[in-house]
Amino acid sequence: MDGTQLLKGVLDAAVLAVVDREDGYGYDVVRRLRDAGLEEVGDASVYGTLRRLYAAGALSTYVVPSEGGPHRKYYSITPNGQDLLGEQRIGWQRFSETLTALISPQSQSQSPPQPAPGSPTSNEGPAA
């Protein structure tokens, strides 16, 4: 399964969760997502998500001076961002439970309803 398509739908939640654990600058967020197992996440996707979440009021920023290079813009989660993350956690839990039930081998073992004898989809032929 192509993880990049799945990732597009959950990147907001993943970024919010990472920043909720600890403030971070752009590439730090990318690195933590990759370290968590989302190796295919793209830099541009994360930077775009950070900008969008900031514009939506879910994240705030502050600048930390750096002695060895340019200053870094750090992102932190706002109360609105924490509310959004809470909603996304609930939504993900529901979605995950539903999909797990649908694709688990256990759900496949339940036999679908059989057609009535003599019906057009029955293998028994016409009723006598």
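The values are calculated or read from the model by the stated rules, or taken from the named source; none is laboratory data. Since this is a predicted model, take the numbers as computed values, not measurements. All Cβ positions, even for glycine, are placed from backbone atoms using ideal geometry, and neighbour counts span all protein chains on display. For accessibility, only protein heavy atoms count, side chains too; no ligands or nucleic acids. Shrake-Rupley method; radii C 1.70, N 1.55, O 1.52, S 1.80 Å.
Assorted remarks:
- Whichever residue in region 74-111 is open to solvent by less than 90 Å² (accessible area, probe 1.4 Å) and farther than 22 Å from ASP20 by Cα and, among such residues, is modelled with the lowest pLDDT: SER109
- From the list SER60, SER122, the one residue that fits, being among the small types (Gly, Ala, Ser), modelled with pLDDT of 95 or more and more than 20 Å from the chain's Cα centre (by Cα), is SER60.
- Selected residue (criterion: surrounded by the fewest Cβ atoms within 10 Å (Cβ to Cβ)) from residues of region 39-52 that are hydrophobic (A, V, I, L, M, F, W, C) and assigned to a helix (DSSP H, G or I): ALA44
- Test: residue in region 53-73 that is part of a helix (DSSP H, G or I) and open to solvent by 40 Å² or more (accessible area, probe 1.4 Å): yes
- Hits in region 17-27 - residues which are surrounded by fewer than 19 Cβ atoms within 10 Å (Cβ to Cβ), in contact (Cβ under 8 Å) with a residue 12 or more places away in the chain and of a type outside the set (A, V, I, L, M): ASP20, ASP23, TYR25, GLY26, TYR27
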